[in-house]
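See structure below.
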Amino acid sequence: MSPALGARPAQPSLRPLGFGEPGLDARLDGGLQAAALHEFYPARPDDGVAAMVVALLLAARNGRTGPLLWLVEARAMRGVRPYAPGLAALGIDPARLLLVRAPDALALLRAAADAVACPALSAVVLRCGRSPAFGLTASRRLALAAARSGVSVLAVREGEPAPSAASTRWGVMAQPSRALAADAPGLPVFGVELLRCRAGRPGFSMQLEWNGEEHSFRTANPGSAAARVAGGAGSPGSAIAA
Amino acid sequence: MLLPGLPAERVRQAAPSLPDTPLALTVTSGNAVRLAALDSHAAAAGLAVGMTLADARALLPELQVQAHDPAADLALLEALADGCGRYTPMVAVAPPAGLLLDITGAAHLAGGEAALAGDLLKRLARMGLSGRAALADNPAAALALAGFADSDGTEWDGDGLVAQADGPSAVLALPIAALLGPLVAVPGLELDNPDALALALRRAGLRSVALVAGQPRAALAARLGDALVHRLDVLLGAAAFPLQPRWPEPEILVEARFAQPLLTVPAALKVVEGLVVRACLNLSERGAGGRAFEALLYRADGALARVRVDTAAAQRAPAAIMRLFGERLAALNDPLDPGFGYDLVRLAVPVLAPLGEEQLALDGGALAAGELLGLVDRLTARLGPGRVRRLAGADSHVPEQAGFDLPFTARPDATAWAAQAPGEPPERPALLFDPPQPVEVMAEVPDGPPRRFRWHRRLHDIVRAEGPERIAAEWWRRADGQGLTRDYYRVEDSSGGRFWLFRHGLYEERRIPGWFVHGRFA
């Protein structure tokens, strides 16, 4: 990510948050709607970090250059800290990140509502556990604020999907990478599945490989990409829906 | 100011239901339970600190016993020191039971030195604490006088509480215990073995400070050590004894005093608002803004409440500052308790900065930057200081020091991040565990990459691994020149989860090295 900070136009052109993979972006009308709420669920209990990373990468990929606000619950992040060298290696400029450690879920949601109303931010990424506070009302409030200010909200959640006003809901899982020489791990691969989509057809999944150099996702298996996008049931990723 | 009865009186104050019989606080040392502190009744009955509890019970069967808690005593002493900020900004604690106030040039505000000491003693008495105050030319002499001046029975005034000394004569009359005793806890003046020194001085017939001071210094230093001579100089004011104030003096301090205490928090806030306006006028005269504002609410009974707000950019708009105070107060875990009311309200501006200073280079220019800084201020005021953070890095090969997060108000140096080799995955994880979490690892060969590990009761089969990346301990920073080498592996398990594992120690350094997971890539 180049840290070049040009002048933002007075009326920000709200480019959608694209993955960078043409097949997937075409299917989503260019990408995720910018001024909206999107949810990311770990497909398996152990995929929380994968969901977090995909949400951060998408937020950092959007066209705007303002800071990203990353909201976490202090209790859930005890003993864990975001690691700037690792984020920089993924292509996320650590200097763009503002980290907020909220004491509890309620404070986190209040802070998120405040932050979404601030158009100086380019996106808000929040990680909220299974708190009853994040219900339909709270999600609607965030979605409306996002629509007004144009700030994208990416919520990383946990557990069974709860009813919400999100525009899209994704299941994310870590996937085995293409090995480099001597069985070394290759570029990170994530399986994503569109679980729900307000303006479109949900129910397709895809394996995406993140390329930090090009700062974009690519399909992990170019040969069968079209088949996977068109597919749905029967593709290897459909296990995510379980 | 010495509070010799502080431990026992603190216990009494915390439990007002205790009957009014002698009270002692005990510590267990070795196998014996010994008395650590006494109240005045117990001391009058002939008990002494250091006695075993069994002996004390034999002397005084009705003795009540409680556990000694030095940490709580120190906390109370520090709270009292904060409360003494009403007299002078130069307040220091001298553990275990002393408070030092530099009242040079501040005493006339309280009606003179003796009146100030009397006022302080009266406030302490209201909290159930008895104190012994002494006024002297230097802090060491004041402490010595407060501790020992009554032993010759001349210096105390009508209340039996205040000693006043001009010049060294009063100090010279003190017994040698004053020279060896109350300064023990002051750093830089430790004596190796005060008991042996006391014995040596007594054998030499030096029973008072004057007699010691009359001896040739060179001989004293040669026989009894430099530390004793230095102490003597400090006590007589010949060597400097700087006070370490508990809080640095703020750049701007405005205050309002009240004869009738303010009984509600909103009333106190109104006063704070007036003070904020005054401070902001002062700021605009200086052409600066404040980066932090602190309201100090002094309760009539001596307690102090501090409410601080930090701002991301220099600020001098009273309305914005009051809004931050409002957010901060609403977010306090235990709301302010006005008690008997506030009789002194102060507003301090500890940090000044030129106004209009840019904090973050942002697109969208000043307007967007202003919006963002406003958001940071609101979140900081509501969630508490240090909750809004930025990420930074340092040029260190030790992983936990190479990346960290800081409060937003801190300004890290710009970091150049290592470029990623093309086609290679990240070499460092996105999340770091601090501290690293222990895992059970199975490797095919002892020095080889791990094959399988168990973490959080789940077994992970490792499919791909890269390593080792050997990171040496910072042996040059350690006193023993040792430290274990870490061998790091980036591993991927069969379901795609990626971990950063390390073996703590080489096999030649340690017989059975432990394994830890230090971070997660995904």
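Data for the structure
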{"quantity": "Area accessible to solvent at B:Thr104, 1.4 Å probe radius, in Å²", "calculated": "120 Å²"}
{"quantity": "B/A buried area, accessible surface, summed, 1.4 Å probe, Å²", "calculated": "5100 Å²"}
{"quantity": "Region B:431-520, accessible surface, carbon-and-sulfur percent (1.4 angstrom probe)", "calculated": "49 percent"}
{"quantity": "For B:Ala134, distant residues with modelled amide H under 5 Å away", "calculated": "B:Leu2, B:Ala163"}
{"quantity": "Interface residues in region B:379-396 - accessible area drops by 20 Å² or more relative to the isolated chain, probe 1.4 Å", "calculated": "B:Leu379, B:Arg382, B:Leu383, B:Arg387, B:Val388, B:Arg389, B:Leu391"}
{"quantity": "Rg ratio (alpha-carbon, reference 2.2 N^0.38 Å) - chain B", "calculated": "1.28"}
{"quantity": "Over the protein assembly as shown: helical MRE at 222 nm, DSSP H runs n ≥ 4 each giving -39500 (n - 2.57), nearest 500", "calculated": "-8500 deg cm²/dmol"}
{"quantity": "Within chain B, longest stretch clear of exposed trypsin sites (Lys or Arg not before Pro) (DSSP loop, no more than 14 other Cβ within 10 Å)", "calculated": "B:208-456"}
{"quantity": "Solvent-accessible surface (1.4 angstrom probe) belonging to A:Tyr41, in square angstrom, nearest 10", "calculated": "10 Å²"}
{"quantity": "Accessible area, probe 1.4 Å, largest first, for residues B:Met322, A:Met77, B:Met442", "calculated": "B:Met442, B:Met322, A:Met77"}
{"quantity": "As computed over region B:252-383, the Cα convex hull volume per residue (Å³)", "calculated": "92 Å³"}
{"quantity": "Residue (of A:Pro82, B:Leu199, B:Leu116) at the positive-pole extreme of the protein assembly as shown, dipole from beta-carbon charges", "calculated": "A:Pro82"}
{"quantity": "Degrees separating the helix B:365-383 axis from the principal Cα axis of chain B, which is the longest one", "calculated": "60 degrees"}
{"quantity": "Relative contact order for chain A, counting Cα pairs under 8 Å that sit 6 or more residues apart, in percent", "calculated": "23 percent"}
{"quantity": "Expected-Rg normalisation [2.2 N^0.38 Å, Cα atoms] applied to region A:113-161", "calculated": "1.13"}
{"quantity": "Percent of C-alpha pairs per 5 Å bin, region A:69-184, short to long", "calculated": "2, 10, 18, 21, 20, 14, 8, 3, 3, 1, 0"}
{"quantity": "Residues in region A:160-189 that, when all protein chains are in place, have 10 Å² or more less accessible area than the chain alone would give (probe 1.4 Å)", "calculated": "A:Ala174, A:Gln175, A:Pro176, A:Ser177, A:Ala179, A:Leu180, A:Asp183, A:Ala184, A:Pro185, A:Gly186, A:Leu187, A:Pro188"}
{"quantity": "Net charge contributed by nearby residues that have their C-beta within less than 11 Å of B:Ala394 (K/R +1, D/E -1)", "calculated": "-3"}
{"quantity": "Among B:Ala279, B:Leu263, B:Leu235 the positive-end extreme of the charge dipole of region B:231-295 (Cβ point charges)", "calculated": "B:Leu263"}
{"quantity": "DSSP bridge orientation in chain A - percent antiparallel, rounded to nearest 5", "calculated": "45 percent"}
{"quantity": "Using alpha carbons only: equivalent-ellipsoid semi-axes of chain A, gyration tensor based, whole Å", "calculated": "26, 20, 19"}
{"quantity": "Cα-based shape type of region B:56-140, given that a ≥ b ≥ c are square roots of the gyration tensor eigenvalues and the cut on a/c is 1.5", "calculated": "prolate"}
{"quantity": "Extreme residue, positive dipole direction of chain B, given options B:Thr21, B:Pro70, B:Pro468 (C-beta unit charges)", "calculated": "B:Pro468"}
{"quantity": "Charge dipole (debye, nearest 20) of region A:22-241; +1 at Cβ of Lys and Arg, -1 at Cβ of Asp and Glu", "calculated": "560 debye"}
{"quantity": "Heavy-atom accessible area ranking, 1.4 Å probe, most first, across B:Glu444, A:Glu158", "calculated": "B:Glu444, A:Glu158"}
{"quantity": "More than 27 angstrom apart: percent of Cα pairs within region B:165-324", "calculated": "52 percent"}
{"quantity": "Shape parameters for region B:431-520, alpha-carbon atoms, Rg then Dmax in Å", "calculated": "13.2, 44"}
{"quantity": "Chain B - charge dipole about Cα centre, Lys and Arg +1 at Cβ, Asp and Glu -1, debye rounded to 20", "calculated": "760 debye"}
{"quantity": "Accessible surface of chain A, 1.4 Å probe, proportion on carbon and sulfur as whole %", "calculated": "55 percent"}
{"quantity": "Check: the protein assembly as shown dipole with +1 on Lys, Arg Cβ and -1 on Asp, Glu Cβ, in debye", "calculated": "2340 debye"}
{"quantity": "Under-5 Å amide H pairs with A:Trp170, H placed in peptide plane, nonlocal only", "calculated": "A:Glu39, A:Phe40, A:Tyr41, A:Leu195"}
{"quantity": "Fraction of beta bridges assigned by DSSP in the protein assembly as shown that are antiparallel (%, nearest 5)", "calculated": "75 percent"}
{"quantity": "B:Cys84 accessible area, 1.4 Å probe, all protein chains in place, Å² to nearest 10", "calculated": "0 Å²"}
{"quantity": "Relative contact order of region B:431-520, pairs being alpha-carbon contacts under 8 Å that are 6 or more residues apart, as %", "calculated": "28 percent"}
{"quantity": "Shielded by partner chains, region B:421-451 residues - at least 10 Å² of accessible area, 1.4 Å probe, vs chain alone", "calculated": "B:Pro422, B:Gly423, B:Glu424, B:Pro425, B:Pro426, B:Arg428, B:Pro429, B:Ala430, B:Leu431, B:Leu432, B:Phe433, B:Asp434"}
{"quantity": "Axial C-alpha extent at least 18 Å, average Kyte-Doolittle at least 1.0 - helices from chain A (DSSP)", "calculated": "A:48-61"}
{"quantity": "Under 15 Å, Cβ to Cβ, from B:Leu109 - net charge with Lys/Arg +1 and Asp/Glu -1", "calculated": "-2"}
{"quantity": "Largest-first ordering by accessible area, 1.4 Å probe, given options B:Thr52, A:Thr137, B:Thr264", "calculated": "A:Thr137, B:Thr264, B:Thr52"}
{"quantity": "In degrees, nearest ten, helix B:139-148 long axis to first principal axis of chain B (Cα)", "calculated": "50 degrees"}
{"quantity": "Nearest 10 degrees, 0 to 90: helix B:70-83 Cα axis against chain B principal axis", "calculated": "80 degrees"}
{"quantity": "Radius of gyration, Dmax [the protein assembly as shown; alpha carbons; angstrom]", "calculated": "33.3, 103"}
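The values are calculated or read from the model by the stated rules, or taken from the named source; none is laboratory data. Just so it is clear, the model here is predicted, and its values are computed rather than measured. Backbone-built Cβ (ideal geometry, glycine too); neighbour counts: all protein chains shown. The accessibility values were calculated without ligands, DNA or RNA, using every heavy atom of the protein model including side chains. Shrake-Rupley method; radii C 1.70, N 1.55, O 1.52, S 1.80 Å.
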